[in-house]
Amino acid sequence: MNNNNFFSNAYKYTELEERSQLENYLTESFVFILKYLIGSFPLDAIKILGLFGINQLGIEIKTQETFAHDDFDKKESIPKDEARPDIVIYQPFEQKTIIEVKVDASLNSYDLKKGKQIDQVDFYKNIKGVKEVYTLSKHFIDKDGFSNKVRWFQIYEILRKNESFVVKEFCKFLNEKNMGEIKKLNKESVFDFLCSVNELPSLIKEAWKNSEIKDTLETKLSWGDNEFGYYVDEKPSRFVGLSKTENKTYKDAILYLDMYPSKEFMESFDKFNDEWFVLRDVIKIEKMFDLESGEAQLKMLTDWLKNKVAPML
């Protein structure tokens, strides 16, 4: 069947050249759309720019800009002599905002002297005049203490009601690449290997961020025979995610567990079992399946974390 979507057809040419071209293609397409919006739909443009901390249209946007060794402030803290961020937005007073575009990949890391490492975000922060560095990604980017994370579905949500043919075609492409609407979890997908590895952890991470809980989740996903989720960084005995069990109370549910509860907690809490953990609270995943959209599922999980889990941390 012939595909009449411009963005999809254009991408086929890049696929012939190199299999990893999607990020580069998305970078150029996104900048094209953003420039188009600035000229034709400034309200949509300012909404998107607002995601990156920019509240004006008097900007210049460039891609694949190269910064040499002399363009850095802390030269002793850079891993190599030049950097080439995906997107650089030039603003008045010589300020720059950098956007690193990701699809499935995580941040690149570079080796420094004395065995230390630095990732792309910290690398780009050393460029002179850089105000902020953001990531624009399909999945949740794991980086402790870094909150400038924009997801592709947020771009899609702003653009999806735009009636411009060009914008609608771009939205179709984002959906084709599973970067448009938040994917709804369902019985078939949640335990499917390829889907769950990215979708469920991303949903948990996004909900945790939205819940504004001060404690952070560990960067590494805990994935074994009996669990699939994250431990709380500052409280390593606490776990949020799926746990394999036959107990009907918390089977097929997203759990908040405490592996080593205090004596006081054990004496005062009535929801515990005699295995190896205490069930603090639970949200049945069946209830999430019944919701109509990924946005609704994200809200349900966020509200649960904010109202039930946060007070117990």
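Each peptide in 41-47, 99-105, 206-212 gets a packing score, the mean of other Cβ atoms within 10 Å over its residues, and the list from highest to lowest is 99-105, 206-212, 41-47. Expressed as a fraction of 2.2 N^0.38 Å, the C-alpha radius of gyration for region 6-176 is 1.06. Sorted on the mean count of surrounding Cβ atoms within 10 Å across their residues, most packed first, peptides 166-174, 124-132 read 166-174, 124-132. Taking chymotrypsin sites (Phe, Trp or Tyr not before Pro) across region 44-98, none is in a DSSP loop with at most 16 further Cβ atoms lying within 10 angstrom of its Cβ.
FYI, it's all coordinate maths here, none of it is from the lab. Quantities reported herein were computed from a predicted structural model and do not represent experimental measurements. Virtual Cβ from ideal backbone geometry, glycine too; neighbours counted across all protein chains shown.
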